[in-house]
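Asks: Below: one structure in structure tokens.
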Amino acid sequence: MASQISTQQAQVQESFTFQSVSKRTEILSPVLNVVDMIMASDMVELTGQGSFHFPNFPEANKSFQVLYFKLASDFEGLRGLFNGLISIGQPKGVILEFEKELNSYTLKFYTADKLSVAQYFEKITKVISEEIRFKSILKQIIENQKSFEAEGQLLRNEFFAK
């Protein structure tokens, strides 16, 4: 009887050809320059940059980069979301801070961590883009619902008026 159960279980397991469902993901080309990625983004405006080496420790062979940017005027309304996302946490080697007095952001990282920086920045901009898309769809749904209710009210008025 135990062999019948295992045979039945094997048949059930073989009847499904997939094991998991995954969301479609976009294939990103490797980012060679974080500055170019930030400059290409519609969400932010690069306002300055700097980099330096550590001449006292040449054996470290490290280069440090600092990028200064601000949110583009179209995205100013999402500053709270942007600041919330960066306050959740950052990957090792990435420091992204909001300078309230200057109304700008500072992104600091070692050049060796540029892939991590690019992935982090891509994740933040993707979440914000999805939020914008969600709000747009929600706005359309609300407008459609209001229009539908207004039409319903007109029909009720016509029906009960006679």
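The values are calculated or read from the model by the stated rules, or taken from the named source; none is laboratory data. Everything numeric here is computed off the predicted structure, so don't read it as measured data. Here Cβ is always computed from backbone atoms with ideal geometry, including for glycine, and neighbour counts include all displayed protein chains. Quick note on the areas: whole protein, heavy atoms, side chains included, nothing else; ligands and nucleic acids left out. Shrake-Rupley method; radii C 1.70, N 1.55, O 1.52, S 1.80 Å.
Asks: Considering each of Phe75, Phe82, Phe52 in turn, give the residue that is at pLDDT below 85, surrounded by 10 or more Cβ atoms within 10 Å (Cβ to Cβ) and not in a loop (DSSP other than H, G, I, E, B). Talk me through it step by step, then tell me what you get.
Replies: Values: Phe75 fails: at pLDDT below 85; Phe82 fails: at pLDDT below 85.
Sole residue among the options that is at pLDDT below 85, surrounded by 10 or more Cβ atoms within 10 Å (Cβ to Cβ) and not in a loop (DSSP other than H, G, I, E, B): Phe52.
Asks: Separate question: Could you please let me know if Ser129 is part of a helix (DSSP H, G or I), within 16 Å of Leu85 (Cβ to Cβ) and under 22 Å from the mean Cα position of the chain (by Cα)?
Replies: yes
Asks: Kindly indicate the residue of the stretch 117-143 that is small (Gly, Ala, Ser) and open to solvent by 50 Å² or more (accessible area, probe 1.4 Å) and also farthest from Leu46 (Cα to Cα) among those meeting that condition.
Replies: Going residue by residue through the stretch 117-143, those that are small (Gly, Ala, Ser) are 118, 129, 136.
Still in the list and also open to solvent by 50 Å² or more (accessible area, probe 1.4 Å): 129, 136.
Numbers: Ser129: 19, Ser136: 27 Å.
It comes out as Ser136.
Asks: Have a look at Lys114, Lys70, Lys92 and point out the one that is among the charged types (D, E, K, R), open to solvent by 60 Å² or more (accessible area, probe 1.4 Å), closer than 20 Å to Asp36 by Cβ and at pLDDT below 90. Working first, answer last.
Replies: Details: Lys70 fails: at pLDDT below 90; Lys92 fails: closer than 20 Å to Asp36 by Cβ.
The match here is Lys114.
Asks: Out of Glu59, Glu26, report the one residue that is within 30 Å of Ser136 (Cβ to Cβ), modelled with pLDDT under 90 and loosely packed, with under 10 Cβ neighbours inside 10 Å. Working first, answer last.
Replies: On the way: Glu59 fails: within 30 Å of Ser136 (Cβ to Cβ).
Just one listed residue meets the conditions, Glu26.
Asks: Another question, if that's okay. Of everything in the stretch 99-111, what is among the hydrophobic types (A, V, I, L, M, F, W, C) and either part of a helix (DSSP H, G or I) or open to solvent by 60 Å² or more (accessible area, probe 1.4 Å) (or both)? Give them in sequence order. Please lay out each step first, then the result.
Replies: Step one: of the stretch 99-111, the residues among the hydrophobic types (A, V, I, L, M, F, W, C) are 102, 107, 109.
Matches in the stretch 99-111: Leu102 only.
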